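Data first, discussion second: the structure below is written as structure tokens.
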Amino acid sequence: MGIYKKVLVAIDLTDESEMVIDKASQMVRADGEILALHVLEP
């Protein structure tokens, strides 16, 4: 159970993105939310 109400996660849809989202889910409270921002390389 995490301590944050909202967590912003920047993802690029590589294999590591799932791991990053899993880590964010550990940081956010049960009543919180994860906001995913899809980023692209310029």
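Each value in this text was obtained by applying a stated rule to the coordinates, not by laboratory testing. The structure presented is a predicted model; accordingly, all values stated were derived computationally and were not measured. With ideal geometry, Cβ positions are generated from the backbone for all residues, glycine too; neighbour counts draw on all protein chains shown.
Could you look through the range 1-24, keep only residues that are touching a residue at least 12 places away in the same chain (Cβ under 8 Å) and small (Gly, Ala, Ser), and pick out the one that is surrounded by the fewest Cβ atoms within 10 Å (Cβ to Cβ)?
ALA10
Could you list, in sequence order, the residues of the range 11-34 that are of a type outside the set (Val, Ile, Thr) and not in a helix (DSSP H, G or I)?
ASP12, LEU13, ASP15, ARG29, ALA30, ASP31, GLY32, GLU33
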